[in-house]
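*Asks:* The structure is given below, and queries will be raised subsequently.
The values are calculated or read from the model by the stated rules, or taken from the named source; none is laboratory data. Worth saying up front: this structure is predicted, and the values here are computed from it rather than measured. A quick note on method: Cβ atoms are made from the backbone with ideal geometry, for glycine too, and the neighbour counts reach across all protein chains shown.
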Amino acid sequence: MTWQAGTENRSGRWRKKYKGRVFQASGGRGKHDGEAYSNAWDGFQEFKKKIDEEEAQKPKPQQAEYDEAIGEWRLVLQWSMENANTQYASLARSKVEELTTRLERSKPQPLNPEDRFRSHLGWPAHLIESVAARIPKPSEPTDQSPPVVIDPSTLDTSSMDGTSQRIEREIWRDRLQVQEQKQVEDHNTLGTSVDSYLATKLAKVKAGHLTAGRYDPMRTHLHHFRDWLGASTAVTSINGKVLTDYHSEMLTAISEERLSADYTKNRLATVKSFVQWLWRIEAIEELPRVLSPGSHDLRISRKTTTPEVFTIEEVKTLLAAATDRTKLYLLLMLNTGSTQKDLSDLLPSEVDWKKGTITRKRSKTAKHKGVPTVTYVLWKETFRLLQQERSSDAATVLVNHEGTPLKVETLADDGKLKKIDNVASAFSRLKRKKGIKKPLKYFRKTSANLIKSNKDYRGLEVLFLGHAPATVADRHYTQAPQQQLNEALAWLGKQYGIE
């Protein structure tokens, strides 16, 4: 952003131009006011996002041509999946993905001949002269009118083409016509069923029974499955083989390092839940046996890896370079194992302003059975900054410069996730400044890993993270005396050089 010095009539301000429109924000106490700059940058991100959303609503050039080509490829995919033609299914799937991605650009390029399905059927190169030789010559004119000239290129000569390529084109034309007819007649398609399932989940989001952050990956996973199998495919064709083939697709994505094991495990779990829902509402008569209790056919194992964390030096470097507000975010994550959502949801009643403690459950799992309520003794610097940065008139302890929550997740009209995360934005600026690429979530993991590494406190990391106990040992540690956790937190602060 560009700094504009103040005049007699106004104070200094930050200014930035984006797509022909100008954003301006208060400069606070001056050009070197870090907090004012952070607020201005957050405001610009919202300004930019709004413009991008407006641009996305405008019709794009080539839209009709792309829709037609994508629709044709989806019909090819539908037929190929129904008839176990893996070659054309793979081709159609990749073309749908490619064309959809290109259409999402602000100015998609015109379609190439290769983007049309027919170009992949080996159209033969005809010689117009040889075709014209088959056409009878016209008789001589009996009057003075100009002779009739026939342009061979205007004649329908397809019936004269007896090549295998023409036959293949005709076969595919018939196939696609049949698929189009199915599409019109059959409303019980995968596409409509996915929409119905997501509508039930969206209703839960609106009722407050499901977060927008949990809904969004469901939508992404099911759209992938829909596009992989074909939106026009009848749900009655979903069987054990289809799910096994999709499982193989996920394993391939893991082996090629396109997706992580954790991500594919979640994706497959979402698909399983969807298919079970289809069975419960009687959209399919039988539940595929690969989903039977005890079946391991669709299992995806998570890799056991060493947790990725920050080094002590990296933590010290980031804390030293952070503004007070950003430093508070990081200290709360290190001191209490908080996530961005935990920071955003922190209530005044959960802070003991005399003792300097925070007592609460994790926001994400607060309603889950067995989740512990944990009391964290704050380090002196954490408590000092919390008192300094607390909001005096808000329902939550920490809000942004506009007085709204630090993290907000909502759904746009198209069902896509809209996310505002002031904590992540502040950390992104800090890590760019210091050249550190590790993500924000590593802070709480770093503290948990340090606790686990100390034999005197090993096991308390479960309590520190606020997780529900998964084993008998975990249950023991979640019931540990408060003094033991207090000692672990004091020791943890010393590792970072914080009292």
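*Asks:* Just to verify a result, which residue in region 25-73, among those that are touching a Phe, Trp or Tyr at 6+ places or on another chain (Cβ under 7 Å) and surrounded by fewer than 16 Cβ atoms within 10 Å (Cβ to Cβ), is farthest from ASN112 (Cα to Cα)?
*Replies:* Only one residue tops the list, namely LYS31.
Here is a yes/no grid of residues against (1) more than 19 Å from TYR263 (Cα to Cα); (2) touching a residue at least 40 places away in the same chain (Cβ under 8 Å); (3) not hydroxyl-bearing (Ser, Thr, Tyr):
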| site | (1), (2), (3) |
| --- | --- |
| GLY294 | yes, no, yes |
| ARG299 | no, no, yes |
| ILE312 | yes, yes, yes |
| ALA321 | yes, yes, yes |
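*Asks:* Have a look at THR244, THR233 and point out the one that is surrounded by fewer than 15 Cβ atoms within 10 Å (Cβ to Cβ) and within 21 Å of GLN87 (Cβ to Cβ).
*Replies:* On inspection, the qualifying residue turns out to be THR244.
*Asks:* Taking the options THR252, THR306, THR264, THR317, name whichever one is outside the structural domain of ARG219 (by TED's automatic domain parsing) and either surrounded by 15 or more Cβ atoms within 10 Å (Cβ to Cβ) or not in a loop (DSSP other than H, G, I, E, B) (or both).
*Replies:* Details: THR252 fails: outside the structural domain of ARG219 (by TED's automatic domain parsing); THR306 fails: either surrounded by 15 or more Cβ atoms within 10 Å (Cβ to Cβ) or not in a loop (DSSP other than H, G, I, E, B) (or both); THR264 fails: outside the structural domain of ARG219 (by TED's automatic domain parsing).
Selected residue: THR317, the only one of THR252, THR306, THR264, THR317 that is outside the structural domain of ARG219 (by TED's automatic domain parsing) and either surrounded by 15 or more Cβ atoms within 10 Å (Cβ to Cβ) or not in a loop (DSSP other than H, G, I, E, B) (or both).
*Asks:* Which residues, counting only those in region 361-391, are under 16 Å from THR339 (Cα atoms), of a type in the set (S, T, N, Q), in a loop (DSSP other than H, G, I, E, B) and at pLDDT 90 or above?
*Replies:* Matches in region 361-391: THR373 only.
*Asks:* In this structure, is THR326 in a loop (DSSP other than H, G, I, E, B), of a type in the set (Val, Ile, Thr), outside the structural domain of LEU243 (by TED's automatic domain parsing) and under 27 Å from the mean Cα position of the chain (by Cα)?
*Replies:* Values: in a loop (DSSP other than H, G, I, E, B): no; of a type in the set (Val, Ile, Thr): yes; outside the structural domain of LEU243 (by TED's automatic domain parsing): yes; under 27 Å from the mean Cα position of the chain (by Cα): yes.
Considered against the rule, which asks whether it is in a loop (DSSP other than H, G, I, E, B), of a type in the set (Val, Ile, Thr), outside the structural domain of LEU243 (by TED's automatic domain parsing) and under 27 Å from the mean Cα position of the chain (by Cα), THR326 comes out as no.
*Asks:* Filter region 271-327 for residues that are farther than 30 Å from ASP227 by Cα, among the charged types (D, E, K, R) and at pLDDT below 90 and give the result.
*Replies:* Our first condition is that a residue be farther than 30 Å from ASP227 by Cα; within region 271-327, this holds for 304-327.
Then drop every residue that is not among the charged types (D, E, K, R), which leaves 308, 313-314, 316, 324-325, 327.
Once the filter is applied, which keeps residues that are farther than 30 Å from ASP227 by Cα, among the charged types (D, E, K, R) and at pLDDT below 90, region 271-327 yields only GLU308.
*Asks:* What are the residues in region 334-349 that are part of a helix (DSSP H, G or I) and in contact (Cβ under 8 Å) with a residue 40 or more places away in the chain, if any? It would help to see each step written out before you state the result.
*Replies:* The initial filter retains those residues of region 334-349 that are part of a helix (DSSP H, G or I), namely 334-336, 340-345, 348-349.
Across region 334-349, the qualifying residues are LEU334, ASN335, THR336, GLN340, LYS341, LEU343, SER344, ASP345, PRO348.
*Asks:* Failed condition for ALA394, given (1) without any contact (Cβ under 8 Å) to a residue 60 or more places away in the chain; (2) in a helix (DSSP H, G or I), with all others met?
*Replies:* ALA394 satisfies every listed condition except (2).
*Asks:* Among the residues in region 450-457, are any assigned to a loop (DSSP other than H, G, I, E, B) and surrounded by 19 or more Cβ atoms within 10 Å (Cβ to Cβ)?
*Replies:* yes
*Asks:* If you take the residues of region 201-219 that are assigned to a helix (DSSP H, G or I) and free of Cβ contacts under 8 Å to residues at least 24 places away in the same chain, which of them is farthest from MET81 (Cα to Cα)?
*Replies:* Of all residues in region 201-219, those assigned to a helix (DSSP H, G or I) come to 201-207, 212-219.
Right, trim to free of Cβ contacts under 8 Å to residues at least 24 places away in the same chain and you get 201, 203-204, 206-207, 214.
Values: LYS201: 28, ALA203: 32, LYS204: 33, LYS206: 36, ALA207: 37, ARG214: 30 Å.
The extreme case among them is ALA207.
*Asks:* Okay, moving on. Taking interchain pairs and intrachain pairs at least six residues apart, which have beta carbon atoms under 7 angstrom, with the first residue in region 233-260 and at negative phi and free of Cβ contacts under 8 Å to residues at least 60 places away in the same chain and the second among the charged types (D, E, K, R) and surrounded by 13 or more Cβ atoms within 10 Å (Cβ to Cβ)?
*Replies:* Sorted first by the residue in region 233-260, then by its partner, the pairs are ALA234/ASP186; THR244/ASP297; MET250/ARG267.
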